[in-house]
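Asker: My questions all concern the structure below.
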Amino acid sequence: MPQTNYVIAYETACRELAGRADPHEVAVRSGCAFRPEKSFFEVPFLGRLYRVGYPDGRVTPGEPVPKAAAAPPAPAGDHLLTVSILLVHYLTKATGVPVAGEWIAFRELPGGDLYNTPFTNRTIRPLVARFAAEPERLVEAVVGLGGRRERFGHASASLDVFPRLPLCLVVWQGDEEVPASGQILFDRTAPGYLDTEDLVVVAAEAFLAARAAVTPGAARPGTLEPT
């Protein structure tokens, strides 16, 4: 998407947030805190706390959350714009539906077949390339972002990318007969918080944050390779 389109998307999202008459209701639905005395939401995202102004939608990166020892550095420039769009979209689209605790594949999301190729190119292939040969490093990385070990594949771990939007990253090592593979799973309620197109970006951000947590000199989150 050209950068101009990102700016338009952000401005549109901010107008939608400003149109919400009750920020406390937004906070309840999203699982985020609203600070009325300072007119901002506190939104955790990938181990770092952000402030989202209300009603203007201005995003300010804050400190890492206490349990995220490997939280990525605060974004800036184009990366901050990408993150800002996700944050404001999350606030405006959150329905408040409880997390189901039921994992589904990307293809099961609304329009998942349509976005499956960019999703695979931006997340699954890089995930396998980086972690399939060292599956425990995936767990180490995700736990460092505040996540937890899961029981899928040769190694897997999940984390709450947003308060009510968990992801699970999975890798299989493969062998001489079966190639290495990977998967990123979503809670069945994910469409109640972000559109599928945004979920592609969220998954890519989660992978890049995990890679940066265990790979010195890796591209920082938001630096997406061409697909």
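The values are calculated or read from the model by the stated rules, or taken from the named source; none is laboratory data. Just so we're clear, the structure is a prediction, and the values are computed from it rather than from any experiment. Methodologically, a virtual Cβ is constructed for each residue, glycine included, from the backbone with ideal geometry; neighbour enumeration extends over all protein chains shown.
Asker: Please determine whether any residue of the stretch 139-148 is among the small types (Gly, Ala, Ser), in a loop (DSSP other than H, G, I, E, B), out of contact with any Ser or Thr (no Cβ under 6 Å at 6 or more places or on another chain) and under 17 Å from residue 43 (Cα atoms).
Answerer: There is at least one residue in the stretch 139-148 that is among the small types (Gly, Ala, Ser), in a loop (DSSP other than H, G, I, E, B), out of contact with any Ser or Thr (no Cβ under 6 Å at 6 or more places or on another chain) and under 17 Å from residue 43 (Cα atoms).
Asker: Could you pull out the residue among 100, 13, 21, 68 that is within 15 Å of the chain's Cα centre (by Cα) and either under 18 Å from residue 202 (Cβ atoms) or outside any helix (DSSP H, G or I) (or both)?
Answerer: After ruling out the rest, the residue left standing is 68.
Asker: Is there any pair linking a residue in the stretch 123-140 that is in contact (Cβ under 8 Å) with a residue 60 or more places away in the chain to one that is crowded, with 21+ Cβ neighbours inside 10 Å and among the aromatic types (Phe, Trp, Tyr), with Cβ under 7 Å and at least six apart or on different chains, and which?
Answerer: Close Cβ pairs satisfying both conditions: 123/207; 126/207; 127/207; 137/131; 138/131.
One line per residue, one yes/no per condition, for (1) aliphatic (A, V, I, L, M); (2) outside the structural domain of residue 43 (by TED's automatic domain parsing); (3) under 19 Å from residue 99 (Cα atoms):
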| position | (1), (2), (3) |
| --- | --- |
| 114 | yes, yes, no |
| 149 | no, yes, yes |
| 162 | no, yes, yes |
| 173 | no, yes, no |
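Asker: Given the criterion of a type in the set (Gly, Ala, Ser), over 20 Å from residue 17 (Cβ atoms) and at pLDDT 95 or above, identify the matching residue among 57, 77, 101.
Answerer: The match here is 101.
Asker: Now, a different point. Condition first: charged (D, E, K, R), closer than 19 Å to residue 199 by Cβ and in contact with a helix residue (DSSP H, G or I) (Cβ under 6 Å, 6 or more places away or on another chain). Can you find one or more residues in the stretch 28-42 that meet it?
Answerer: No: zero hits.
Asker: Starting from the stretch 161-179, take each residue that is under 21 Å from residue 190 (Cβ atoms) and surrounded by fewer than 24 Cβ atoms within 10 Å (Cβ to Cβ) and list its partners that are modelled with pLDDT of 95 or more and among the polar types (S, T, N, Q), counting only C-beta distances under 7 angstrom and pairs at least six apart or across chains.
Answerer: Every condition considered, the pairs that remain are 163/30; 164/30; 166/158; 168/156; 168/158.
Asker: Being hydroxyl-bearing (Ser, Thr, Tyr), within 24 Å of residue 31 (Cβ to Cβ) and surrounded by 21 or more Cβ atoms within 10 Å (Cβ to Cβ), is that true of even one residue in the stretch 186-193?
Answerer: yes
Asker: Within the stretch 29-49, count every residue that is assigned to a strand (DSSP E or B), touching a Gly at 6+ places or on another chain (Cβ under 6 Å) and closer than 17 Å to residue 17 by Cα.
Answerer: Result for the stretch 29-49: 1.
Asker: Scan (1) within 23 Å of residue 71 (Cβ to Cβ); (2) surrounded by 15 or more Cβ atoms within 10 Å (Cβ to Cβ) for the single condition residue 26 breaks and write down its number.
Answerer: That leaves (1) as the condition not met.
Rundown of residues vs (1) among the charged types (D, E, K, R); (2) under 26 Å from residue 5 (Cα atoms); (3) buried (at least 18 other Cβ atoms within 10 Å of the Cβ); (4) in the same structural domain as residue 24 (by TED's automatic domain parsing), yes/no style:
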| residue | (1), (2), (3), (4) |
| --- | --- |
| 60 | no, yes, no, yes |
| 69 | no, no, no, yes |
| 76 | no, yes, no, yes |
| 87 | no, yes, yes, yes |
| 110 | no, yes, no, no |
| 117 | no, yes, no, no |
| 136 | yes, no, no, no |
